Amino acid sequence: MSTPRTVLVTGGNRGIGYAIAEELVARGHRVAVTARSGEGPAGSLTVRAEMGNAQSIDAAFSEVEEKLGPIEVLVANAGITKDTLLMRMSEDEFTSVIDTNLVGSFRVVKRALKGFLKQRFGRVVLISSVVALYGSPGQTNYSASKSGLVGFARSLTRELGSRGITANVVAPGFIETDMTAELTEEQQATYLANIPAARFGQASEVAKAVAWLSSDDASYISGAVIPVDGGLGMGH
């Protein structure tokens, strides 16, 4: 059993974030989730936060610290998509996705570092995507935001690796969530044809990878990109 930790999962009210929070609760951690609406799983604390607003993030962190203690593990999962081909994409459709997915991760990680440095321990897990390095038509904004997390985690590792802090990236492939449910049967068949595992993944499979990276067993792993994609990206 890994040491029980205080964990914050951003965007933990649905999909992959919800599954991550659920898995960490099941493993005995003290878990809080941020959500704009809705609630995290049973046994977790839900706090409101907007990824585009540093003050809102600061308030959410303070509430978690007050109720559960200093945050030791941060899972930056909150993200949005605004898919369209580049020639039709507005500047706002590009910058708003970058601001939520990449700058939002910067905001939460920066706020978490205060406590990490003081306790000389911290786990940062950034939720990216197979499209970060594989690419996807109609997702120049999303792919750019998600590949940016890789450079972010690796630079952070070089800055803070000697302080007991790790920073890793989990890159899910096509996972059965609300987002894949919206694909047409034809689109689903096309994607499946490219996945060696010949199936979509489960959110619980991503959650287990995150739980492992958050655990004592992964203390010597940092700056890594862990694909959970059935072989689609082959680790790039």
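Structure data summary
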{"read-out": "Prolate/oblate/rounded call for the range 52-115, Cα gyration tensor, a/c under 1.5 rounded", "value": "prolate"}
{"read-out": "Largest-first principal axis extents, alpha carbons of the range 191-236, Å", "value": "37, 22, 10"}
{"read-out": "Residue (of 172, 209, 234) at the positive-pole extreme of the chain, dipole from beta-carbon charges", "value": "209"}
{"read-out": "For the range 83-183, the Rg and Dmax computed from alpha carbons only, in angstrom", "value": "15.3, 48"}
{"read-out": "Given charges at beta-carbon only (K, R positive; D, E negative), |dipole| of the range 27-179 in Debye", "value": "720 debye"}
{"read-out": "Whole-number Å³ per residue for the convex hull built on Cα positions in the range 140-236", "value": "109 Å³"}
{"read-out": "Point-charge dipole on Cβ atoms (K/R +1, D/E -1) for the range 124-236, about Cα centre, debye to 20", "value": "500 debye"}
{"read-out": "Heavy atoms of residue 162 accessible to a 1.4 Å probe, total area in Å² rounded to 10", "value": "100 Å²"}
{"read-out": "Probe 1.4 Å, accessible area per residue of the chain, Å²", "value": "48 Å²"}
{"read-out": "Candidate residues 114, 146: accessible-area rank, largest first, probe 1.4 Å", "value": "114, 146"}
{"read-out": "Whole-percent carbon and sulfur share, accessible surface of the range 35-135, 1.4 Å", "value": "53 percent"}
{"read-out": "Which label in [x] 17.8; [y] 19.5; [z] 20.4 gives the computed Kirkwood radius over Cα pairs in Å", "value": "[x]"}
{"read-out": "Size of charge dipole - the range 20-84 - debye, nearest 20, with Cβ of Lys, Arg +1 and Asp, Glu -1, no other charges", "value": "80 debye"}
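The values are calculated or read from the model by the stated rules, or taken from the named source; none is laboratory data. Because the structure is a prediction, the values reported are computed rather than measured. Virtual Cβ from ideal backbone geometry, glycine too; neighbours counted across all protein chains shown. Heavy atoms of the whole protein, side chains included, go into the accessibility calculation; ligands, DNA and RNA do not. Shrake-Rupley method; radii C 1.70, N 1.55, O 1.52, S 1.80 Å.
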